[in-house]
1. From the list B:PRO2, B:PRO42, B:PRO27, pick out the single residue that is farther than 26 Å from A:ALA49 by Cα, at pLDDT below 95 and not small (Gly, Ala, Ser).
2. Tell me yes or no: at least one residue of the stretch A:153-160 is more than 27 Å from A:ARG86 (Cα to Cα), crowded, with 18+ Cβ neighbours inside 10 Å and away from chain B (no Cβ under 14 Å).
3. Looking only at the stretch B:27-60, count every residue that is within 14 Å of another protein chain (Cβ to nearest Cβ), buried (at least 23 other Cβ atoms within 10 Å of the Cβ) and more than 26 Å from A:ARG177 (Cβ to Cβ) and tell me the total.
4. If you check A:PHE108, A:PHE68, A:PHE97, which single one turns out to be free of Cβ contacts under 8 Å to residues at least 12 places away in the same chain and away from chain B (no Cβ under 11 Å)?
5. Suppose we filter A:LEU78, A:LEU74, A:LEU102, A:LEU118 for residues that are touching a strand residue (DSSP E or B) at 6+ places or on another chain (Cβ under 8 Å) and within 14 Å of chain B (Cβ to nearest Cβ); which single one remains?
6. Do you know which residues across the stretch B:118-152 are under 18 Å from B:LYS93 (Cα atoms) and among the hydroxyl-bearing types (Ser, Thr, Tyr)?
7. Those residues that are of a type in the set (Val, Ile, Thr), touching a helix residue (DSSP H, G or I) at 6+ places or on another chain (Cβ under 9 Å) and in a loop (DSSP other than H, G, I, E, B), I need them from the stretch B:128-170; list them, please.
8. Which residues, counting only those in the stretch B:64-86, are in a helix (DSSP H, G or I) and more than 7 Å from every other protein chain (Cβ to nearest Cβ)?
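The values are calculated or read from the model by the stated rules, or taken from the named source; none is laboratory data. This structure is a prediction, so every number in the text was calculated from the model and none was measured. No Cβ is skipped: glycine too gets one built from the backbone with ideal geometry, and neighbour counts run over all protein chains shown.
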Amino acid sequence: MLRLDCLRSIYSELESCLVITIMGAVAAELQSLGHRPNFFYLQHAMGLASSTGLGLALCLPEQKVIVFDGDGSLLMNLGGLSTMARYRPKNLVHVVFDNESLLSVGGFPTATGTGTDLDGMARSAGVPRVSTVQSVESFTAAVNNAIHGNELTTIIAKVEAKGPSAFVTDLSLLENRFQFRRHIQSLRRA
Amino acid sequence: MPVSLTSSKVIYEGLKECDIRLVSALPETWLVHLIRLTDEDPEMILVRLAKEEEGVGVSAGAHFAGVKSAMLMQNHGFLASINGIVSFAHLYKIPLLMLISYRGSFGERDPWQTQGGNVTEPVLRALGIPYTFLDALETAKKRIRQAQTLSESSMQPVALLLTRDLMWEE
């Protein structure tokens, strides 16, 4: 399963969500499908995409928030998994693309390649709905159910360690950040 | 416990007067009353963290949502948050209001706090983070207001060091 195919399969569903991604391949691939003002790419600070999604979701309970995390990033902030589970916002969807590798920095294996079970960790942290998916069809179904559902959900998507040829885009970090916030403020006024 | 309830209440009122609506926190002795006041206030969202660096992400999310937030932490928690501060708050110009208990400074009896006390101000200066002290009841609210105003206008982290003089009654 390729991450790009997963993202493509749910791209139209993302229009109604606030989307936060981690750095590297995830950010570049989502952007390659077409940037939208409701997408924020956290191009550093590994681990904090999920915490950012938590803050957003707690402050805007009527707004669906989806985080695209990765195995390397989640392993850097496992405590954040317990914080998310503690508050379990109903409007937060946490997708973890697990390619068992730190792809963007040379493809070195992460601990999920040697047996660390993120699905089990999310369950044990107390996330109320957790699933692992291996095919694009099951990924699409799981994400759609979570977006239209009413419970904090973590979805572990097992993907190949393949990414885009380039990670840098012409969208500057600050432009992305100001556009994202302005978009949210326009939703609040509407 | 000789943590000052009077000072904690004044600090909390100062946060409320700045329209702070979300507070992230990790417990530490000097912060117990502040965390309890936050928890008991139905208008406030309290996010209890596993590690302080998460608070940078939580506050960034709140900022995107248009909600003013504050972070309550010990200076060792500040030290544990540095990558988040540098590669999120500084990189993306995110305002952070950090209330940091200044352990390990003059009067400290706990040996384990002392090394962090030595490096707190040098690290704040190295990171270019504006900071001042909450050291007296009379000026506490004004300094909270000024710190919050500066963090918003400059779109950067600003620190208030909570001192023994204000937080501890011996």
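1. B:PRO2 is the lone residue from the list that is farther than 26 Å from A:ALA49 by Cα, at pLDDT below 95 and not small (Gly, Ala, Ser).
2. Checking the stretch A:153-160: at least one residue is more than 27 Å from A:ARG86 (Cα to Cα), crowded, with 18+ Cβ neighbours inside 10 Å and away from chain B (no Cβ under 14 Å).
3. So the answer is 1.
4. None of the others qualify; the one that does is A:PHE108.
5. Step by step, each of A:LEU78, A:LEU74, A:LEU102, A:LEU118 is checked, and only A:LEU74 is touching a strand residue (DSSP E or B) at 6+ places or on another chain (Cβ under 8 Å) and within 14 Å of chain B (Cβ to nearest Cβ).
6. B:TYR131, B:THR149, B:SER151
7. Of the residues in the stretch B:128-170, the ones of a type in the set (Val, Ile, Thr) are B:129, B:132, B:139, B:144, B:149, B:158, B:163.
This time we only want the ones that are touching a helix residue (DSSP H, G or I) at 6+ places or on another chain (Cβ under 9 Å), so: B:129, B:132, B:144, B:158.
Hit for the stretch B:128-170 is B:ILE129, nothing else.
8. Of the stretch B:64-86, the ones in a helix (DSSP H, G or I) are B:64-65, B:75-79, B:82-86.
B:ASN75, B:HIS76, B:GLY77, B:PHE78, B:LEU79, B:ILE82, B:ILE85, B:VAL86, listed by residue number.
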